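Undergrad: My questions all concern the structure below.
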Amino acid sequence: MANRSRQDIRRAIHTRIRKKVRGTASRPRLAVFRSLNHIYAQVIDDDNGVTLCAASSVEKGVGATPGGNLAAAQTIGKLIADRAKEKGINQVVFDRGGYIYHGRIKSLAEAAREAGLEF
């Protein structure tokens with residue numbers, strides 16, 4: 001039996017989650033991706049296949065501390081919530097992307113909730 005990499009396991013979990021979590025126009029999906037150095041968030045309408053807004057720690061002028069740390073995740077969570085609210089989106093479905101709800105993922109989600117998004 002071959003050993004699976006951590007990335008393969010995360011992809012399998014993410015695929016399983018995506019069978020259940022679907023974003024609509026009225027309640028889009030907040031998808032999170034994290035790399036070793038950065039964190040990314042998108043609000044996606046799966047019915048139309050459109051990204052409504054996005055935020056990441058790669059953007060210049062975001063004010064996030066460089067790197068994929070808790071402070072950057074909190075900044076991106078607040079920023080994605082602000083951008084979603086500008087588009088009139090108040091409720092989202094949270095897609096943790098196969099990552100454990102802990103650390104950076106948890107801090108991004110909590111910052112988005114504090115900024116006014118409802119999960």
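The values are calculated or read from the model by the stated rules, or taken from the named source; none is laboratory data. Because the structure is a prediction, the values reported are computed rather than measured. Methodologically, a virtual Cβ is constructed for each residue, glycine included, from the backbone with ideal geometry; neighbour enumeration extends over all protein chains shown.
Undergrad: Could you give every pair whose Cβ atoms fall below 6 Å, whose first residue belongs to segment 14-41 and is exposed (fewer than 15 other Cβ atoms within 10 Å of the Cβ), and whose second residue is part of a strand (DSSP E or B) and among the hydrophobic types (A, V, I, L, M, F, W, C), counting only separations of at least 6 or pairs across chains?
TA: Hits for this filter: zero, empty list.
Undergrad: Shifting gears a bit: Could you tell me which of the residues L30, L36, L108 is part of a helix (DSSP H, G or I) and under 26 Å from A12 (Cβ atoms)?
TA: Unique residue meeting the criteria: L108.
Undergrad: Of all residues in segment 1-41, which are more than 16 Å from the chain's Cα centre (by Cα) and among the small types (G, A, S)?
TA: Hits for segment 1-41 are A2, S5, A12, A25, S26.
Undergrad: Does any residue of segment 88-103 turn out to be of a type in the set (G, A, S), free of Cβ contacts under 8 Å to residues at least 40 places away in the same chain and buried (at least 21 other Cβ atoms within 10 Å of the Cβ)?
TA: Scanning segment 88-103, I find no residue that is of a type in the set (G, A, S), free of Cβ contacts under 8 Å to residues at least 40 places away in the same chain and buried (at least 21 other Cβ atoms within 10 Å of the Cβ), so the answer is no.
Undergrad: Taking the criterion of being assigned to a helix (DSSP H, G or I), surrounded by 12 or more Cβ atoms within 10 Å (Cβ to Cβ) and without any contact (Cβ under 8 Å) to a residue 60 or more places away in the chain, would at least one residue in segment 50-58 satisfy it?
TA: The answer is no; no qualifying residue exists.
Undergrad: Please go through segment 80-103 and pick out each residue that is at pLDDT below 95 and either assigned to a helix (DSSP H, G or I) or touching a Phe, Trp or Tyr at 6+ places or on another chain (Cβ under 6 Å) (or both).
TA: Hit for segment 80-103 is G97, nothing else.
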